[in-house]
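Asks: Right, I'll just put the structure down here and ask away after.
The values are calculated or read from the model by the stated rules, or taken from the named source; none is laboratory data. Owing to the predicted nature of the structure, the values given are computational and were not obtained by experimental measurement. Positions of Cβ are backbone-derived with ideal geometry, glycine not excepted, and every protein chain shown enters the neighbour counts.
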Amino acid sequence: MEHFRKNKKGFTLIELLIAMTIFVVFLGVVVSSYASIIKSQRDTNDYRRIYSEGRTVFEKVVDEVRNGVLLFPDQNVGLDKSTLRLISNESGEIVQFKFYPEEGKLKIKEGFEEAYYLNSDDVKIEDFQFHIYPDRDPYASENVSFDYLQFQPQVTIFAEFEEGIPFQTTISSRTYNAVPQAAYYPDLNE
């Protein structure tokens, strides 16, 4: 019987508790690291989705401004900074961009076609503003004598998409010395 007690190998209760504690701590670190990686990956995918849609919206607006003729605020009384109107060089019709803050959407209306949203339901726009400089048509005969108006018109766009992702750009029209006859176009306010 003495021989049996000498060869008895095993763990004591204290050794087992220490091993289990170390295992639980290690498992907790691994699980929290994994959860952190998954959350970062999800956040990155959301950011990429919002950024991609923001770029798509901006590309449409930039393309229209570069290839169109701006209608200045003095030609469109009552426009606020959430609306931009211009005349498309392709169709000769008015193109209007309007931001609807309550819906978080930017709508485009081209001529007499049905208006449609530029951003999807998945991405909400928090703020969208158009700033035109100069604020009066520099090509109009009554403004030719004002040096501070004699600049190629440009539009600065400020936008903030959900989760506080900001966008900003400034665009100049490629159409020079064009005087749009805004009086001939119908009012597109909705």
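Asks: Out of curiosity, is Ile132 modelled with pLDDT of 70 or more, of a type in the set (A, V, I, L, M) and over 14 Å from Leu71 (Cα atoms)?
Replies: Spelling it out, it is not the case that Ile132 is modelled with pLDDT of 70 or more, of a type in the set (A, V, I, L, M) and over 14 Å from Leu71 (Cα atoms).
Asks: Can you find, within segment 111-152, the residue that is nearest to Ser52 (Cα to Cα) among those that are among the aliphatic types (A, V, I, L, M) and assigned to a loop (DSSP other than H, G, I, E, B)?
Replies: Among those that are among the aliphatic types (A, V, I, L, M) and assigned to a loop (DSSP other than H, G, I, E, B), it is Val123.
Asks: Give me the pairs: first residue in segment 11-29 and at positive phi, second residue modelled with pLDDT under 95, beta-carbon distance under 8 Å, and six or more apart or on different chains, which are they?
Replies: none
Asks: Those residues that are touching a residue at least 12 places away in the same chain (Cβ under 8 Å) and assigned to a helix (DSSP H, G or I), I need them from segment 56-72; list them, please.
Replies: Thr56, Val57, Phe58, Lys60, Val61, Val62, Glu64, Val65, Arg66
Asks: Which one of these does Ser120 not meet: (1) of a type in the set (Gly, Ala, Ser); (2) within 17 Å of the chain's Cα centre (by Cα); (3) surrounded by 16 or more Cβ atoms within 10 Å (Cβ to Cβ)?
Replies: It fails just one condition, (3).
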